[in-house]
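Engineer: Quick one: the structure is below, questions incoming.
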Amino acid sequence: MAEHTAARTVVESVSRGFEEFEPPAGPPAADGPLGWPGYDEQRARATARTGSDESVLCGRGWVGQRQAVLVAFDFAYLGGSVGEAAGARIVAAFEQARELRLPVISLVASGGSRMQEGICALRQLQEIARACLLTRQARIPHIAVLRDPTTGGMWVALAAAADVVLASPGAAVAFGGSRVRDASETGEAFHAEGKLADGQVDQVVDDAELPGALADLVSLLHPERLVRPPEPAPVPASLAGGEPPATGWAAVQRARSADRPRAGAYLDAYFTRRFEISGDRAGGRDGGMICGFGDHDGRTVAFAAQAGTANTPAGFRTAARLIRLADQLGVPVLTLVDTPGAANDAAAEHGGIGPAIAEVFAAVADAQVPVTTLVIGEGGSGGALALAAPERTWITADAYFAVIAPESSAAILKRDPAEAPDLAGHLRLRPQDLLDLGFVQGIAR
């Protein structure tokens, strides 16, 4: 087999010292399991044209400063399609990843299951899905890169099942390829940028930036780096100046100030580097919920940070996804609370705001890794409480937490809106009140 196939070129663009795994034993049946006429000749022509003996290349190499298992597709070999032999190689690569305790990087470019092998090819999706699940259960991270095109079975069984999904700009990404769906169905929904907007992709990454992005992810999520059981994430230092406010209304006004430090400033101060993930994998993303993994004093910490807006269902589902992923990998979690409250308009209700918030409550309650919370601004009702860790929540001097905003309290009690400042005092929402009431463990300094 030629040394420089398309798949090997892709692998060598993101790694070094690549060593191919020995393919699983067993010669292919003549013309495949269905005896498809001319199939052997098709494979021979594909090999002569591409230098590849199959549609996937599997092995291990160095990605940045750590090793990873790589699965790379060659679209020029029968459209990167997967039959029995290719499926066996992918499953074996995941087995090697579990044995070696190395992250998996799937570099996907595939049209799906191989037609010439019929149901024998289609059932490889079950085997690959099971391999992904076993690897997740072994706390091994899986990173997928969607190249052009990624459609059909390899999108749904392999790439979409990954913990982190990156995509090449402009890559076609869809369950149905362009030749099998209605010709009138075109547009952004079938490409990487549309999948990013719809919350199905974490980042769209240029080819020049991909090696660095993968190196960061492998470094942050490598099993060798993660210590179990993990220590809690340290409480971030407060970026607020001064003492806690004298009145409840002053606390509200201070938390709403445009000059107050926001989530981005806290994340910049806390992490030496970080990698953000986005999207709820269910059709939405919310820029007001910043999630990802970062390096804090040489340790990996996951973060879910509210950015001061009314979070949507997609935002809460993304936070729940981040917390569950961190728990799966054994990474401590830091949450930053700052929201006037969850979105409550018709779009939020149609999108399932209630179940989405419930997902976050459940993820925090179920987490076996420690969750640390710092309230950095507005703590507006259940939309804020969902991210707050019981017994491990701190607050800054320019923040508050309340069962409801003072203005809404006035509306519920049928009081004059002018009474909101007085009601803020009755709500006992100041940092020092929350400390006295036992809701927070301290006021961050």
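The values are calculated or read from the model by the stated rules, or taken from the named source; none is laboratory data. Predicted model only: the values in this text are computed from it and were never measured. Cβ sites come from the backbone with ideal geometry, for glycine too, and all protein chains shown count toward neighbours.
Engineer: Among the candidates Ala46, Ala29, which residue alone is surrounded by 18 or more Cβ atoms within 10 Å (Cβ to Cβ) and either out of contact with any Asp or Glu (no Cβ under 7 Å at 6 or more places or on another chain) or within 19 Å of Gly118 (Cα to Cα) (or both)? If you could, list the steps in order and put the result at the bottom.
Structural biologist: Details: Ala29 fails: surrounded by 18 or more Cβ atoms within 10 Å (Cβ to Cβ).
It is Ala46.
Engineer: Of the residues in the stretch 100-127, how many are of a type in the set (A, V, I, L, M) and more than 25 Å from the chain's Cα centre (by Cα)? Can you show your working first?
Structural biologist: Let us first name the residues in the stretch 100-127 that are of a type in the set (A, V, I, L, M), namely 100, 102, 104-105, 107-109, 115, 119, 121-122, 125.
From what's left, more than 25 Å from the chain's Cα centre (by Cα): 115, 119, 121-122.
Selection size over the stretch 100-127: 4.
Engineer: When Arg16 is evaluated against the numbered criteria (1) among the charged types (D, E, K, R); (2) touching a strand residue (DSSP E or B) at 6+ places or on another chain (Cβ under 8 Å); (3) crowded, with 16+ Cβ neighbours inside 10 Å, which criterion, by number, is the only one it fails?
Structural biologist: Answer for Arg16: the failing condition is (3).
Engineer: A further question on this structure: Of the conditions (1) farther than 26 Å from Thr300 by Cα; (2) in a loop (DSSP other than H, G, I, E, B), Asp422 satisfies every one except a single condition; which number is it?
Structural biologist: Exception for Asp422: condition (2).
Engineer: Report whether or not Ala384 is more than 22 Å from Pro236 (Cα to Cα), assigned by TED's automatic domain parsing to the domain that holds Arg262 and buried (at least 16 other Cβ atoms within 10 Å of the Cβ).
Structural biologist: Considered against the rule, which asks whether it is more than 22 Å from Pro236 (Cα to Cα), assigned by TED's automatic domain parsing to the domain that holds Arg262 and buried (at least 16 other Cβ atoms within 10 Å of the Cβ), Ala384 comes out as no.
Engineer: Does Asp295 meet the test of being closer than 30 Å to Gly351 by Cβ and among the acidic types (Asp, Glu)? Working first, answer last.
Structural biologist: Values: closer than 30 Å to Gly351 by Cβ: no; among the acidic types (Asp, Glu): yes.
Against the criterion (closer than 30 Å to Gly351 by Cβ and among the acidic types (Asp, Glu)), Asp295 does not qualify.
Engineer: Is there any pair linking a residue in the stretch 217-236 that is closer than 25 Å to Gln441 by Cα to one that is among the small types (Gly, Ala, Ser) and part of a helix (DSSP H, G or I), with Cβ under 8 Å and at least six apart or on different chains, and which?
Structural biologist: Pro236/Ala269
Engineer: Can I ask one more? I'd like the residue in the stretch 262-312 that is of a type in the set (Val, Ile, Thr) and over 12 Å from the mean Cα position of the chain (by Cα) and, out of all such residues, is surrounded by the fewest Cβ atoms within 10 Å (Cβ to Cβ). Quick ask: steps written out before the conclusion?
Structural biologist: Going through the stretch 262-312, the residues of a type in the set (Val, Ile, Thr) turn out to be 272, 277, 290, 300-301, 309, 312.
From what is left, the residues that are over 12 Å from the mean Cα position of the chain (by Cα) are 272, 300-301, 309, 312.
Details: Thr272: 10, Thr300: 25, Val301: 24, Thr309: 15, Thr312: 24.
The extreme case among them is Thr272.
Engineer: Moving on to the next point. Taking Pro390 and the conditions (1) farther than 28 Å from Gly354 by Cβ; (2) out of contact with any Leu (no Cβ under 9 Å at 6 or more places or on another chain), which numbered condition does it fall short on, given that it satisfies the others?
Structural biologist: (1)
Engineer: Something else about it: Here is a check on your reading of the model: is Ala68 of a type in the set (A, V, I, L, M) and surrounded by fewer than 22 Cβ atoms within 10 Å (Cβ to Cβ)? Walk me through it before giving the result.
Structural biologist: Numbers: of a type in the set (A, V, I, L, M): yes; surrounded by fewer than 22 Cβ atoms within 10 Å (Cβ to Cβ): no.
Against the criterion (of a type in the set (A, V, I, L, M) and surrounded by fewer than 22 Cβ atoms within 10 Å (Cβ to Cβ)), Ala68 does not qualify.
Engineer: Of everything in the stretch 231-252 that's modelled with pLDDT under 95 and either within 26 Å of the chain's Cα centre (by Cα) or small (Gly, Ala, Ser) (or both), which residue is surrounded by the most Cβ atoms within 10 Å (Cβ to Cβ)?
Structural biologist: Ala240
Engineer: Inside the stretch 429-445, can you point out the residues that are surrounded by 17 or more Cβ atoms within 10 Å (Cβ to Cβ) and closer than 24 Å to Ala258 by Cα?
Structural biologist: Within the stretch 429-445, Leu429, Arg430, Pro431, Gln432, Asp433, Leu434, Ile443, Ala444 meet the criteria.
Engineer: Determine, yes or no, whether Ala255 is small (Gly, Ala, Ser), touching a helix residue (DSSP H, G or I) at 6+ places or on another chain (Cβ under 6 Å), buried (at least 22 other Cβ atoms within 10 Å of the Cβ) and not assigned by TED's automatic domain parsing to the domain that holds Val104.
Structural biologist: Values: small (Gly, Ala, Ser): yes; touching a helix residue (DSSP H, G or I) at 6+ places or on another chain (Cβ under 6 Å): no; buried (at least 22 other Cβ atoms within 10 Å of the Cβ): yes; not assigned by TED's automatic domain parsing to the domain that holds Val104: yes.
Considered against the rule, which asks whether it is small (Gly, Ala, Ser), touching a helix residue (DSSP H, G or I) at 6+ places or on another chain (Cβ under 6 Å), buried (at least 22 other Cβ atoms within 10 Å of the Cβ) and not assigned by TED's automatic domain parsing to the domain that holds Val104, Ala255 comes out as no.
Engineer: Looking only at strands (runs of 3 or more DSSP E) that fall completely inside the stretch 311-413, which ones have 3 or more residues that are touching a residue at least 12 places away in the same chain (Cβ under 8 Å) and over 30 Å from His142 (Cα atoms)?
Structural biologist: Values: elements: 333-339, 371-380, 393-395, 400-402.
Those strands (runs of 3 or more DSSP E) span 371-380, 393-395, 400-402.
Engineer: Considering only the stretch 425-443, how many residues are farther than 19 Å from Gly380 by Cβ and in a loop (DSSP other than H, G, I, E, B)?
Structural biologist: 2
For (1) without any contact (Cβ under 8 Å) to a residue 60 or more places away in the chain; (2) in contact with an Asp or Glu (Cβ under 8 Å, 6 or more places away or on another chain), each residue gets a yes or a no:
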residue	(1), (2)
Thr247	no, no
Ser257	no, yes
Arg260	no, yes
Tyr266	no, no
Phe271	yes, yes
Ser278	no, yes
